[in-house]
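Student: Dumping the structure here so I can ask a few things about it.
The values are calculated or read from the model by the stated rules, or taken from the named source; none is laboratory data. Only a predicted model underlies this, so the values are computations on that prediction, with no experimental measurement involved. All Cβ positions, even for glycine, are placed from backbone atoms using ideal geometry, and neighbour counts span all protein chains on display. The area values use the complete protein model at the heavy-atom level, side chains included, leaving out ligands, DNA and RNA. Shrake-Rupley method; radii C 1.70, N 1.55, O 1.52, S 1.80 Å.
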Amino acid sequence: VIAPKNRKEDLRSAVRSAVKQSVPVEVLVIDDGSTDGTSAMIRAEYPQVRLVRDDQSRGYIRQRNRGAELASTPYIFSIDDDATFSSPNVVEQTLHDFDDPRIGVVAIPFINVNQDQIIRQRAPEESGVFVLDSYIGTAHALRREVFLALGGYKGGLIHQGEESEFCIRMLEAGYHVRAGRSDPIHHFESPRRIGDRMN
């Protein structure tokens, strides 16, 4: 699930990396009221992608919830429109991390490419299960039935903070966030982010 708004060029790279995964995936783009031709680009270049367009911007948190409701798969991988899977193996590798029913979310390793080369959210060892208190939205996979049963993200947050709040409810329900072991997601943090809105 990708919920873009007015970042057509970034989105093109995100979708290209998603459709090249080594296992079959349903790619769902929820266009959050873009005015830059995002939907037209997806229709023209990626006809195999399921596109849902909202003429009114409702914020990516609500659109991620909508994506979870519309998805037909038991696991949902969510990346930002300015992120890419670094290899075709990320989805397949991450699915192996859902090997315990108590794992509600896998925090996929990722690199903020424009900042440094630090791999965040990666398990410190290949063996064993390592639990985190939260995860970063640009790189995660979640168990769809758990997400929907807990009511998804709080849409009123609009922009930022939804992951930590969801993790509190998930922990109360007996589910955990696992540190991932896959190849990383590359996050090319967009310079078009609005700091005041996030704060």
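Student: If SER34 passes every condition in (1) part of a loop (DSSP other than H, G, I, E, B); (2) open to solvent by less than 20 Å² (accessible area, probe 1.4 Å); (3) of a type outside the set (A, V, I, L, M); (4) touching an Asp or Glu at 6+ places or on another chain (Cβ under 8 Å) but one, which one does it miss?
Tutor: (4)
Student: I'm trying to understand the selection: among the residues of the range 60-76, which are out of contact with any strand residue (DSSP E or B) (no Cβ under 8 Å at 6 or more places or on another chain), open to solvent by 20 Å² or more (accessible area, probe 1.4 Å) and assigned to a helix (DSSP H, G or I)?
Tutor: Of everything in the range 60-76, those that are out of contact with any strand residue (DSSP E or B) (no Cβ under 8 Å at 6 or more places or on another chain), open to solvent by 20 Å² or more (accessible area, probe 1.4 Å) and assigned to a helix (DSSP H, G or I) turn out to be ARG62, ASN65, GLU69.
Student: Next question, about the same structure. So which of TYR46, TYR75 is of a type outside the set (Lys, Arg) and within 22 Å of LEU148 (Cβ to Cβ)?
Tutor: TYR75
Student: Take the residues in the range 92-140 that are of a type in the set (Ser, Thr, Tyr) and touching a residue at least 40 places away in the same chain (Cβ under 8 Å); name whichever of them is farthest from GLN63 (Cα to Cα).
Tutor: THR94
Student: Further, regarding this structure: Looking at (1) open to solvent by 10 Å² or more (accessible area, probe 1.4 Å); (2) in contact with a Ser or Thr (Cβ under 9 Å, 6 or more places away or on another chain); (3) not in a helix (DSSP H, G or I), which is the only condition GLU92 fails?
Tutor: For GLU92, the failing item is (3).
Student: Evaluate the following for ALA14: is it out of contact with any helix residue (DSSP H, G or I) (no Cβ under 7 Å at 6 or more places or on another chain), farther than 21 Å from LEU148 by Cα, of a type in the set (Gly, Ala, Ser) and open to solvent by 50 Å² or more (accessible area, probe 1.4 Å)?
Tutor: Here the answer is no, as ALA14 does not meet what is asked.
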